[in-house]
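Worksheet: one structure, shown below.
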Amino acid sequence: MEYILENEILKVTVASKGCEIISVMNKEIGKEYMWCGNPDAWKRHAPVLFPLIGRYKNDESVHEGDTYHMTQHGFARDMEFSLVEQTATSIKMKLVENEETKMKYPFNFDLILGYELNENVVKATYELRNTNASDMYFSIGGHPAFAAPAGNKGEAGDDTAAGCELIFEDENGAYTNRIQYGLLSSEGLLLDDLYDMSLSEGKTLITDDFFDKDALIIENDQCHKVSLMYYGKKFVTVEFDAPVFGIWSAAKKNVPFVCIEPWYGRTDRASFNGELKDREWGNTLKAGEVFDKAYRMIFA
């Protein structure tokens, strides 16, 4: 099922499957901001990643002596959420554990995802309650894919994100002039080497080969505001307090979208051999506690 949120500027479509935004349309100029979900490149739009971001090593986690198998990015993005409440400009939807999730992830939970419109801003919210009698361990994050401006063509004449710029700023709007990033192994695990992004006044140009090595993983609160710009004009900005984020587009496909992904957690390191509770950037929630976070997408 699909739900519509709308104000004078934006019309947002949210699917009950995954509580995923599938469209953000600027009504004034008829501009679509989200990737269309073409399965030839990537079939999704803006999935929520829970309870896993990236991969467990060997797609397995160990908790209290038991081993659980779960594939990339967890199960929430493929599950039906139930409606909690909706207004003209906001929505909240809920997911709880079931027998299938308990086979992959040994915890009970109440996960409420929400979206709120305010002028040209969409706020995405996470509210996760631990309904177990003991600690639970999890990751959660966003994976929104933003469409490059219509008419942006690459060297071969195809639609592309090449030619757009990424801009990195701190919470006060000052340029971030050093960004270090990691890369993934062929198994989707984080490698140890770090690389310096080529920046000028906080900006870097997206080229045809920018994503040939897959996602760029940026840790340690290096930046909390990332924008996409085309011909000197920002068309989307993502603001977040998450300590880790990813920048991604479909590797070696040179397609017209870029993901800016705020993460509370990340994929396992290739050298990781610990238990679920030991995962780097993993989150611990005590019995009865609530994890309450949000990020904002600002559209121009």
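The values are calculated or read from the model by the stated rules, or taken from the named source; none is laboratory data. These numbers were taken from a predicted model, which means no experiment stands behind them. Quick reminder, even Gly has a Cβ in these numbers, built from the backbone with ideal geometry, and neighbours come from all protein chains shown.
Residues that are in a loop (DSSP other than H, G, I, E, B) and either buried (at least 22 other Cβ atoms within 10 Å of the Cβ) or under 15 Å from the mean Cα position of the chain (by Cα) (or both) do not occur anywhere in the range 84-104.
In this structure, is L205 surrounded by 15 or more Cβ atoms within 10 Å (Cβ to Cβ) and not acidic (D, E)? So L205 does not fit the description; no.
Among the residues of the range 225-239, those that are among the aromatic types (F, W, Y) and crowded, with 16+ Cβ neighbours inside 10 Å comprise Y230, F235.
Scanning the range 173-189 for residues that are in a strand (DSSP E or B) and either within 17 Å of the chain's Cα centre (by Cα) or small (G, A, S) (or both) returns Y181, G182, L184. Just one of (1) at positive phi; (2) in contact with a His (Cβ under 6 Å, 6 or more places away or on another chain) fails for G232. It is (2).
I'm trying to understand the selection: among the residues of the range 25-66, which are surrounded by fewer than 23 Cβ atoms within 10 Å (Cβ to Cβ), of a type in the set (A, V, I, L, M) and in a loop (DSSP other than H, G, I, E, B)? Once the filter is applied, which keeps residues that are surrounded by fewer than 23 Cβ atoms within 10 Å (Cβ to Cβ), of a type in the set (A, V, I, L, M) and in a loop (DSSP other than H, G, I, E, B), the range 25-66 yields I29, A41. On inspection, Q72 does not qualify as of a type outside the set (A, V, I, L, M) and within 18 Å of A124 (Cα to Cα).
Cβ separations smaller than 9 Å between residues 6+ apart or across chains give the following pairs from the range 158-171 residues that are under 12 Å from V236 (Cα atoms) to residues that are among the acidic types (D, E): I167/E201. Among the residues of the range 145-159, are any closer than 28 Å to I298 by Cβ and touching a His at 6+ places or on another chain (Cβ under 9 Å)? Looking through the range 145-159, at least one residue is closer than 28 Å to I298 by Cβ and touching a His at 6+ places or on another chain (Cβ under 9 Å).
Inclusion of L111 among residues that are in a strand (DSSP E or B) and touching a helix residue (DSSP H, G or I) at 6+ places or on another chain (Cβ under 8 Å) is warranted.
Among all residues of the range 33-47, there is none that is farther than 24 Å from K252 by Cα and among the hydrophobic types (A, V, I, L, M, F, W, C). Could you tell me whether any residue of the range 192-202 is modelled with pLDDT of 95 or more and within 20 Å of the chain's Cα centre (by Cα)? No: the range 192-202 contains no residue that is modelled with pLDDT of 95 or more and within 20 Å of the chain's Cα centre (by Cα).
Of the residues making up the range 190-209, those that are more than 27 Å from Y56 (Cα to Cα) and part of a strand (DSSP E or B) are S200, K203, T204, L205. Search the range 1-24 for residues being over 18 Å from the mean Cα position of the chain (by Cα) and either assigned to a helix (DSSP H, G or I) or of a type in the set (V, I, T) (or both), and hand back the single one that is surrounded by the fewest Cβ atoms within 10 Å (Cβ to Cβ). By that ranking, first place goes to I4. Filtering the range 95-147 to residues that are in contact (Cβ under 8 Å) with a residue 40 or more places away in the chain and among the small types (G, A, S) leaves A124, A133, S134, S139, G141, G142, A145, A147. Counting the residues of the range 235-272 that are at pLDDT below 95 and charged (D, E, K, R) gives 2. I want to confirm something. Restricting to the range 210-243 and keeping residues that are part of a strand (DSSP E or B) and free of Cβ contacts under 8 Å to residues at least 40 places away in the same chain, which single residue is farthest from N177 (Cα to Cα)? If we take residues in the range 210-243 being part of a strand (DSSP E or B) and free of Cβ contacts under 8 Å to residues at least 40 places away in the same chain, then L216 is farthest from N177 (Cα to Cα).
Which of the residues spanning the range 120-144 are outside any strand (DSSP E or B) and under 30 Å from A250 (Cα atoms)? Within the range 120-144, N120, S139, H143, P144 meet the criteria. Taking each residue of the range 4-22 that is closer than 19 Å to V96 by Cα and looking for partners that are loosely packed, with under 15 Cβ neighbours inside 10 Å and at pLDDT 95 or above with beta-carbon atoms closer than 6 Å, six or more apart or interchain, yields A15/E2; S16/M1; S16/E80; K17/E80.
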